[in-house]
Amino acid sequence: MLVSLLMLCWSVDFFSSSKPTTVLITVPAEMINSLFLISHSGDIFLEKHWKSVISRSVCDYFLEAKEKAGDPENVAPVLQTPHHYLISIYRGKLFFLSVTQTEVPPLFVIEFLHRVADTFQDYFGDCSEVLIKENTVTVYELLEEMLDNGFPLATESNVLKEMIRPPTILRSVVNTLTGGSNVGGTLPTGQLSNVPWRRAGVKYTNNEAYFDVIEEIDAILDKSGTTVFAEIQGVIEACVKLTGMPDLTLSFMNPRLLDDVSFHPCVRFKRWESEHVLSFIPPDGNFRLMSYHVSSQNLVAIPVYVKQNISFLETGSCGRLDITIGPKQTMGKTVESLMVTIPMPKSVLSVNLTATQGTYTFDLTTKVVLWDVGKLNPQKLPNLRGSISIQTGAPKPEENPSINIDMKLQQLAISGLKVSRLDMYGEKYKPFKGVKYVTKAGKFQVRT
């Protein structure tokens, strides 16, 4: 594959432009040598090599780092070994571990690994060990097309689906009987166009465009309930099924509150810079239109408050717990799927608690109290209280445990972001349009 063609495909595929742009990229002589898929438990269940075969023993450095980190999400994304660099991501309880023999831009590789995980999710419905094992042949076919001699080549799902047909039960049976494969025999129609993310000749009986605004709030509250830290990570997921080659413009009521935006390559970045609107020719099907960040703490609304008291006696072998949760800045929406997690000190033997709403469990192995509240009722606030038993003679815990909150609010973007309108050009029909808002807790912690 010519280097110039590679650079053109890369610039179109990964940078926010509606047409090819000349971009000077310094790329090392080698990129990704091998890819290993590792389960949450540390089992290497799939490997792919694009150059020479690298022994699985190289993963020992990664598995050692995983054990030291404890939490899978705390494993360092870049590890240096005597002869290789290990770059990884953690998605769907799986580690995607790439191996390179030379120093490469880590974000370059991390972005590609996320594209691989997104592609698996799009093809199989989920990115899990079971589904990947069930579709091993398709996985290898996808990886063969996504990288050419270790360099990312085709990473757009629309393009890949024209080359490798998604698996179905009927197609699997036919392929087994006839000895056929899912690999297409023609070059994708959009591969050499200036919109490689969209295939040509798209036709639908029902034309529709739906957008999901999904926000995650990360926050740390101190013992008094004061916000120590708060920020919002948001994404706009799109499902566009439109005939022909539509040109869309998505407008917002208050776009200037967004920081650190990142777009799908289909978005015209100049329109965003000048007008703060999203102008794009969409891919066909599901895709992530943009991601954004709201870092101004005074703009982040905290949807719940927590009144809590967790204490341990100086002498003796017991403690007390009392937690009450109520709605705060929910804009009239209901807090749903409320879950409270309390990691107790290792010296705790048992807990004897009473919940006015929901149910709780205590894991004797991990020492974690899990309180499943469910839907938050503002008229009757849920409360969890009771006693904590500690090992006899054990010293008082040096610090109280933190409380982790998980929740969901439907039809609310906690940042205040709202879509004002969606306009379509280039086609004469009127599509069905819809927008849904969801707010979820990311890393939401209350100190006690």
Completion exercise
FRET efficiency for Y61 and T102 from the Cβ-Cβ distance with R0 = 22 Å, rounded to 0.05, comes out at 0.85
Fill in the blank from the handout: To the nearest 10 degrees, the tilt of helix 106-124 (Cα long axis) against the first principal axis of the alpha carbons of the chain is 90
Exercise for the section: Arrange the following residues from fewest to most other Cβ atoms within 10 Å of their Cβ: I405, I388. Expected result: I405, I388
Problem - Spatially proximal lysines relative to K430 (Cα-Cα < 20 Å; intrachain offsets below 8 disregarded) - result: K203, K241
Handout entry: MRE, 222 nm, helices only [DSSP H, n ≥ 4, -39500 (n - 2.57), over the chain, to nearest 500]
Key = -5500 deg cm²/dmol
Exercise for the section: Pop a pseudo-label 7 angstrom from the Cα along the beta-carbon direction at both R256 and D222 and give the gap in nm to one decimal. Expected result: 3.3
Handout entry: Entries of K93/K328; K161/K375; K375/K418; K93/K433 with Cα pairs more than 29 Å apart
Key = K93/K328; K161/K375; K93/K433
Handout entry: Partners for K380 among aspartates and glutamates (Cα-Cα distance below 15 Å; same-chain residues under 8 apart left out)
Key = E336
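Using a simple charge model, +1 on the beta-carbon of Lys and Arg, -1 on the beta-carbon of Asp and Glu, nothing else, what dipole does the chain show about its Cα centre, in debye to the nearest 20?
Details: 43 positive and 46 negative charges, 273 e Å.
Roughly 1320 debye, rounded to the nearest 20.
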Handout entry: Listed residue (L278, V267, I414) projecting farthest to the positive dipole end of the chain, Cβ model
Key = I414
Fill in the blank from the handout: PRE zone check, label point 7 Å out along Cα-to-Cβ of H114, amide N under 15 Å, scope segment 80-107, hits 88-92, 96, 106-107
Completion exercise
Rounded to the nearest 10 degrees, the helix 136-146 long axis (Cα) sits at an angle to the longest Cα principal axis of the chain of 60
Problem - In nm, spacing of pseudo-spin labels at K333 and L422 (7 Å Cα→C-beta vector) - result: 1.8
Exercise for the section: Answer with one residue from T359, S311, I388: the one whose Cα lies farthest towards the positive end of the charge dipole of segment 304-410, charges on Cβ with Lys, Arg +1 and Asp, Glu -1. Expected result: T359
Fill in the blank from the handout: The aspartates and glutamates whose Cα lies under 18 Å from the Cα of K333, excluding any fewer than 8 residues away in the same chain, are D212, E215, E216, D406
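If you take the beta carbon distance between R271 and Q410 as r and set R0 to 25 Å, what does 1/(1 + (r/R0)^6) give as a FRET efficiency, to the nearest 0.05?
Numbers: r = 31 Å, r/R0 = 1.23.
E(calc), rounded to 0.05, equals 0.25.
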Completion exercise
Using the Kirkwood radius over Cα pairs of segment 304-410, the Stokes-Einstein translational diffusion coefficient at 20 °C and 1.002 mPa s, in µm²/s and rounded to a whole number, is 148
Fill in the blank from the handout: Log10 I(q)/I(0) at q = 0.06 Å⁻¹ for the chain, from Debye over equal alpha-carbon scatterers, is -0.33
Exercise for the section: Grab the beta carbon distance between T392 and L79, set R0 = 35 Å, and tell me the FRET efficiency rounded to 0.05. Expected result: 0.20
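Find how much the distance from N286 to K375 grows on full extension, using 0.36 nm per residue of separation minus their present alpha carbon separation; answer in nm with one decimal.
Value of the extension gain: 29.1 nm.
Among D71, D60, rank each residue by its count of other Cβ atoms within 10 Å, from fewest to most, as a rough exposure measure.
Final ranking by Cβ density, sparse to dense: D71, D60.
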Problem - Degrees between helix 59-69 axis and first principal axis of the chain (Cα, 0 to 90, nearest 10) - result: 30
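Only the coordinates and a few stated rules stand behind these numbers; no lab work does. Predicted model only: the values in this text are computed from it and were never measured. Using ideal geometry, Cβ is built from the backbone for each residue, glycine included, and neighbour counts are taken over all protein chains shown.
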